[in-house]
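Below is one structure; the comments refer to it alone.
No value in this document is a laboratory result; all are computed from the given coordinates. Please read these numbers as outputs of a predicted model, since none were measured by experiment. Methodologically, a virtual Cβ is constructed for each residue, glycine included, from the backbone with ideal geometry; neighbour enumeration extends over all protein chains shown.
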Ligand code: HEC
């Protein structure tokens, strides 16, 4: 019986990995800063590339993205601008952009699915402080995730989580938790 159970679990994980590669199953989850920045760079926004030389806070980035010459800022909604500003604050002075670091969404997909389904996380609307408290609970303290990653994850979730259940694919709704 034991063996069958493990076979089932590994099949389940193979399925999750395959879905992540295609990124279809999770496409309902709003893009993180890395993806937004990749899109902006592909669109060739000169005001953005010029700004990379200096490190800025999230508030400063948000102001930069809200200026009329910001093609990227104009293409995004409030949530997108905030998500990108938060991400850029972590990446600091980027200079030449080659390998972009993970964003809060990447961290969530990598670290928040092994004990319960992603739905448990993305349907909760919480403040940044409340997310940090969630991550500090006994159930979560053992998760291998650095202080900076926690902070990035909390930023991303505070802006982007709280998704309504009807945008969650049916296969991610039932049997939500295995804990
Ligand atoms: C090591 C296993 C484990 C991992 C990995 C894990 N969780 Fe949990 N999570 C739990 C357990 C156990 C519970 C139920 C007990 C509780 O509520 O603390 C839970 C419950 C939750 C809840 C619902 C309870 C609440 O706080 O309202 C949320 C939201 C949550 N987790 C978010 C996350 C996020 C975000 C991550 C990724 C950083 C994550 N979890 C990764 C074990 C885990």
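From the set of residues in segment 98-133 that are more than 15 Å from the chain's Cα centre (by Cα) and over 17 Å from residue 86 (Cβ atoms), which is surrounded by the fewest Cβ atoms within 10 Å (Cβ to Cβ)?
Selected residue: 99.
Considering segment 134-176 alone, what residues qualify as being over 18 Å from the mean Cα position of the chain (by Cα) and either near the ligand (Cβ under 8 Å from one of its atoms) or buried (at least 17 other Cβ atoms within 10 Å of the Cβ) (or both)?
Scanning segment 134-176 gives 137, 138, 139, 142.
Quick one: in segment 106-130, which of the residues that are out of contact with any strand residue (DSSP E or B) (no Cβ under 9 Å at 6 or more places or on another chain) and near the ligand (Cβ under 7 Å from one of its atoms) is nearest to residue 38 (Cα to Cα)?
Per the stated criteria, the residue is 108.
Consider residue 54 against the criteria (1) crowded, with 16+ Cβ neighbours inside 10 Å; (2) over 18 Å from residue 156 (Cβ atoms); (3) touching a residue at least 24 places away in the same chain (Cβ under 8 Å): it satisfies all of them except one. Which criterion is unmet?
Unmet for residue 54, out of (1) crowded, with 16+ Cβ neighbours inside 10 Å; (2) over 18 Å from residue 156 (Cβ atoms); (3) touching a residue at least 24 places away in the same chain (Cβ under 8 Å): (1).
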